[in-house]
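To start, the structure itself, in structure tokens.
The values are calculated or read from the model by the stated rules, or taken from the named source; none is laboratory data. Quick caveat: nothing in here was measured; it's all calculated off a predicted structure. Methodologically, a virtual Cβ is constructed for each residue, glycine included, from the backbone with ideal geometry; neighbour enumeration extends over all protein chains shown. Heavy atoms of the whole protein, side chains included, go into the accessibility calculation; ligands, DNA and RNA do not. Shrake-Rupley method; radii C 1.70, N 1.55, O 1.52, S 1.80 Å.
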Amino acid sequence: MNKKNKSMNVRTITLTGLFGALSAVLMMISFNVPLMPSFIKMDFSELPALIAAFAMGPLSGAMVCLVKNLINVMFSTTGGVGEFSNFILGCAFVIPAGLIYKRNKSKRSALIGSLVGAVFMAVFSVFSNYFIVYPVYSMFMPIEAIIGMYHEIYPGINNLLQALIIFNMPFTFIKGLCIIIITFAIYKHISPIIKGTNR
């Protein structure tokens, strides 16, 4: 490995760690949104991961998701299951986006990759929540009570799968869209700094 490649690797590792820490902070800054149960909150913690996936590759984006959740698991109220779900959903978002962009580094490719990632994350969230997160939450709150919170917002909800498809899947997709919009707004300005090409 030559000196230049070694320097780039050290820079990538350092920036990935910094982005992971920033992502962990953003994960802590969450807020409620209208038309969603109170236990579901919005945050923008995948923003640094998506930027990392574009600037340094999909592996870096996935590592940002890992660092973020390793930090937040220390404050977990779900025994780490919520953080595990957040990690796999974050990877479901940023890895496809990073891979598609890596094949053809253009603005159009970045947009397509981001949208593919957002759709995949939204669909995957149904399975992640149904098989992992909500079974654990049901240990602390009866599943009937959880479904009841959805039912109060929309009386047509009769079971968990309906709730996840009608509420969680669109919510997760909209969250992805918000992150995409912010990323496209700032990426051009910060990319030279991340890549060390600023003058």
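Side notes on the structure shown:
- A 1.4 Å probe run over the protein chains yields, for the chain, 55 Å² of accessible area per residue, whole-number rounding.
- Charge dipole (the chain, unit charges on Cβ, about Cα centre) - positive-most of Ser191, Asn86, Tyr150: Ser191
- Fraction of C-alpha pairs exceeding 15 angstrom in region 117-168: 45 percent, rounded to a whole number.
- Computed in the context of the full set of protein chains, the accessible area of the chain at 1.4 Å probe radius has 70% of its extent on carbon or sulfur.
- Rounded to the nearest 500, the 222 nm mean residue ellipticity of the chain from helices alone is -24000 deg cm²/dmol, with -39,500 (n - 2.57) taken per DSSP H run of at least 4 residues.
- Qualifying trypsin sites (Lys or Arg not before Pro) for region 76-163 [loop in DSSP, other Cβ within 10 Å: at most 11]: Lys105
- The charge dipole of the chain, taken about the Cα centre with unit charges on the Cβ atoms of Lys, Arg (+1) and Asp, Glu (-1), comes to about 1500 debye, rounded to the nearest 20.
- A dipole drawn for the chain from +1 and -1 charges on Cβ atoms has a positive end, and of Thr12, Leu22, Tyr137 the residue lying farthest that way is Thr12.
- Using alpha-carbon coordinates, inclination of helix 107-128 to the longest axis of the chain, degrees: 30
- With all protein chains modelled, accessible area of Leu22 [1.4 Å, Å²]: 90
- 27 Å tail of the calculated P(r), region 1-123, as % of Cα pairs: 20
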